[in-house]
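The values are calculated or read from the model by the stated rules, or taken from the named source; none is laboratory data. Not measured: the values here are computed from a predicted model. So basically every Cβ, Gly included, is an ideal-geometry build from the backbone, and we count neighbours across all protein chains shown. Just the protein is used for accessible areas: all its heavy atoms, side chains included, with ligands, DNA and RNA removed. Shrake-Rupley method; radii C 1.70, N 1.55, O 1.52, S 1.80 Å.
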Amino acid sequence: MSDFWQRAFVFPLFLLVLSLLVWPIAGAFPAALVFGLGMSLRLLSHLRNLAAFERWLSNPDTQQVPDGSGLWEDAFSQLNKLTQQRRKDREQHAAALHQMEQATSALPEGVVILDEADRIEWCNPLAEHHFGLDSTRDIGQQITYLTRQPEFVQYLVKKNFSEPLVLRGTRHGDLVLSIKLIAYGGSKHLLISRDITLLERIETMRRDFVANVSHELRTPLTVVNGFVETMQDMPMLENDMARRALHLMGDQTRRMESLVNDLLTLSRLENEQNVLHEERVDVPALMRTLYEEGRSLSNGQHRLKLELNCETRLSGNTGELHSAFGNLVTNAIRYTPPGGEVVLRWHEHSDGHTVFSVKDSGIGIAPQHISRLTERFYRVDRSRSRETGGTGLGLAIVKHIAIRHQAQLEIASEEGKGSTFSIVFPAKRRLQEADASSWS
Ligand code: ADP
C-alpha cells in the first residue's frame with residue numbers, strides 16, 4: 001500500500017479502535033459519537049483545504065500556493081514546486097523573447113512577420129518607420145491595407161519572391177526600399193525591407209557622371225577625328241612614320257568614339273524617365289536587314305543563314321531592337337573564325353513566347369564566364385575583343401534593351417563549339433493581325 005493510502009487510513013482506524021474501546025465502558029452511543037465527531041472534524045479539515053485550493057485556483061499567477069494540512073500538505077507542496085518551475089520557465093521565455101526583440105530592433109533592416117492571409121503578426125521599429133506602421137495599432141491588419149502601392153500588392157499576389165522589389169514613393173516621400181519576402185513555417189512570410197535611398201542616389205550620380213563625361217568627350221573627339229582624317233588625305237604626307245602615326249591615331253579616336261557612343265546609349269537605356277517608345281516592329285523585315293548587314297560585315301568569310309519560322313510582329317521599339325539584335329549578330333561574326341556558320345532565327349514557342357536567336361559555330365565561352373558576360377567591360381579575351389573593335393559594352397546594351405521589352409537574354413555556349421544567344425519575348429509583346437493593322 002502506498003504511503004498516501006497508509007496515511008489516509010491511519011486516522012479512521014485510530015477512531016475505530018478508540019470507539020471500540022469506549023463501547024464496553026460507556027455504551028454504543030458514546031462510541032458512535034466519538035467516531036462520528038472525529039470523522040466530521042476530518043471532513044471539515046478537507047473542506048478547509050479544498051476552499052483554500054479553490055481560492056488559489058481563481059488567481060494562480062498572483063497568489064502563493066496554500067500550505068495545506070494533513071494529506072493536502074504533500075499535494076500542495078508538489079503543486080508549489082510545479083508552479084515555481086513554470087514561473088521560472090515563463091521568465092526564461094520572456095527574457096529570450098525580449099532578447100530576440102532587442103536583436104531584431106537593432107537589425108539594419110525592417111522585419112514584418114505576416115500570417116497566411118498576409119496579416120501583420122509582428123514588426124520591428126525599422127519596419128514601422130519604413131511602412132508607416134504602428135506595432136500596437138496595426139497588428140492583425142492586412143499589410144496591403146496599409147501599403148497600397150500596386151507593385152507591392154502585385155509582388156505579394158504573384159508569390160514569386162526570387163527577386164527583390166524596389167519600392168519607391170512610400171509614405172516617406174523620397175524613401176526607396178528594397179523589399180524581399182521569405183516564406184517560412186508553411187504559409188507564413190517574413191517581409192524584409194532595406195532602405196536603399198542612398199545607394200540609389202549614388203547610382204544616379206554615377207549614371208549622370210558617365211553620361212556627362214561621355215557627352216563632353218564627344219565634341220573634342222569628333223574634332224580630333226576630323227583633323228586626323230583630313231591630314232591622312234594630305235598628298236604631301238610622305239614620311240612613313242607620320243603616316244603610320246596618323247593611321248594609329250585615326251584607329252584609336254574611332255575606338256574612343258564608339259566607346260563614348262556605347263556609354264551614351266547605355267545611359268539613355270538606363271534612364272527610367274526615358275520610357276520605351278512603342279511601335280509596331282516588323283521583326284521578319286528587320287531580320288532580313290540584319291542578315292544583309294551581317295553578310296557585309298563577314299565579307300564572305302562565314303556561312304550566314306536566315307531562318308524565319310514565323311511572321312510574328314512585336315510591339316516594341318524598332319531602333320532599340322535593331323541595336324540589340326545587331327550586337328548579337330556582330331558578336332557571332334567577330335567570335336567565329338572564317339569558314340564558320342552563323343544562323344539567325346525567329347521562331348515562336350507553343351506557349352506564345354517569341355524568340356530571336358543567333359547561333360554560331362565560333363570559339364564558344366567557358367561556363368564560368370557566362371553569368372558575367374552582361375557586366376560592363378567584362379570580356380573573356382580582352383585582346384580579341386579589342387582586335388575586333390569591341391567596346392565591352394555590347395551585351396550590357398542588349399540586356400538593357402531586353403529588360404525594357406520585358407524580354408530575357410539567354411546564353412548557351414560550349415567552349416570550342418559555339419554559342420547561341422537568344423532574346424525571349426513574352427507572349428504579351430506579340431501583335432495579333434488586328435493590332436498589327438492598327439499600327440500602320
Ligand atoms: P565586346 O565588345 O568585347 O564583344 P560584348 O559585351 O559584346 O563586348 O561581349 C562581352 C564578351 O562576351 C566578349 O568580350 C566575348 O568574350 C564574349 N562574347 C560575346 N559574344 C560572343 C560569341 N558569340 N562567342 C564567343 N564569345 C562571345
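Brief remarks on what is shown
- Listed by position, the strands (runs of 3 or more DSSP E) inside region 341-440 whose residues that are open to solvent by less than 80 Å² (accessible area, probe 1.4 Å) and more than 14 Å from the ligand (Cβ to nearest atom) number at least 1 are 341-348, 354-360, 418-425.
- Considering the conditions (1) at pLDDT below 90; (2) part of a helix (DSSP H, G or I); (3) loosely packed, with under 14 Cβ neighbours inside 10 Å, Ser77 is excluded by exactly one of them, (1).
- Here Ser315 passes the criteria (1) surrounded by fewer than 20 Cβ atoms within 10 Å (Cβ to Cβ); (2) in contact with a helix residue (DSSP H, G or I) (Cβ under 7 Å, 6 or more places away or on another chain); (3) free of Cβ contacts under 8 Å to residues at least 40 places away in the same chain except the one numbered (3).
- When residues in region 92-143 are screened for being among the small types (Gly, Ala, Ser) and in contact with a Gly (Cβ under 6 Å, 6 or more places away or on another chain), 1 of them pass.
- Which numbered condition Ala332 fails, given (1) within 16 Å of the ligand (Cβ to nearest atom); (2) at positive phi: (2)
- Counted residues, region 227-248 - those being at pLDDT below 85 and open to solvent by less than 40 Å² (accessible area, probe 1.4 Å): 2
- Evaluation of Ser267 against (1) surrounded by fewer than 14 Cβ atoms within 10 Å (Cβ to Cβ); (2) within 34 Å of the chain's Cα centre (by Cα); (3) touching a residue at least 24 places away in the same chain (Cβ under 8 Å) (one fails), failing number: (1)
- Condition check for Glu272: away from the ligand (no atom under 16 Å from the Cβ), touching a Pro at 6+ places or on another chain (Cβ under 9 Å) and either in a loop (DSSP other than H, G, I, E, B) or in the same structural domain as Gln408 (by TED's automatic domain parsing) (or both): no
- Qualifying residue in region 291-306 (condition: within 17 Å of Phe425 (Cβ to Cβ) and either open to solvent by less than 50 Å² (accessible area, probe 1.4 Å) or in contact with a His (Cβ under 7 Å, 6 or more places away or on another chain) (or both)): no
- Which numbered condition Ala32 fails, given (1) more than 18 Å from Gly70 (Cβ to Cβ); (2) open to solvent by 90 Å² or more (accessible area, probe 1.4 Å); (3) not hydroxyl-bearing (Ser, Thr, Tyr): (2)
- Being among the basic types (Lys, Arg), under 17 Å from Gly392 (Cα atoms) and open to solvent by 30 Å² or more (accessible area, probe 1.4 Å) is a condition met by at least one residue of region 249-259.
- Whenever a residue of region 64-90 is at positive phi and assigned by TED's automatic domain parsing to the domain that holds His46, its partners that are in a helix (DSSP H, G or I) and acidic (Asp, Glu), lying with C-beta atoms within less than 9 angstrom and at least six residues away or across chains, give the pairs Gly68/Asp74.
- Filter result for His302 (within 16 Å of the ligand (Cβ to nearest atom), under 23 Å from Glu414 (Cβ atoms) and not basic (Lys, Arg)): yes
- Filtered residues of region 318-329 (kept if away from the ligand (no atom under 16 Å from the Cβ) and surrounded by fewer than 19 Cβ atoms within 10 Å (Cβ to Cβ)): Thr318, Gly319
- Flag if Leu276 is touching a Lys or Arg at 6+ places or on another chain (Cβ under 6 Å), in contact (Cβ under 8 Å) with a residue 12 or more places away in the chain and surrounded by 13 or more Cβ atoms within 10 Å (Cβ to Cβ): yes
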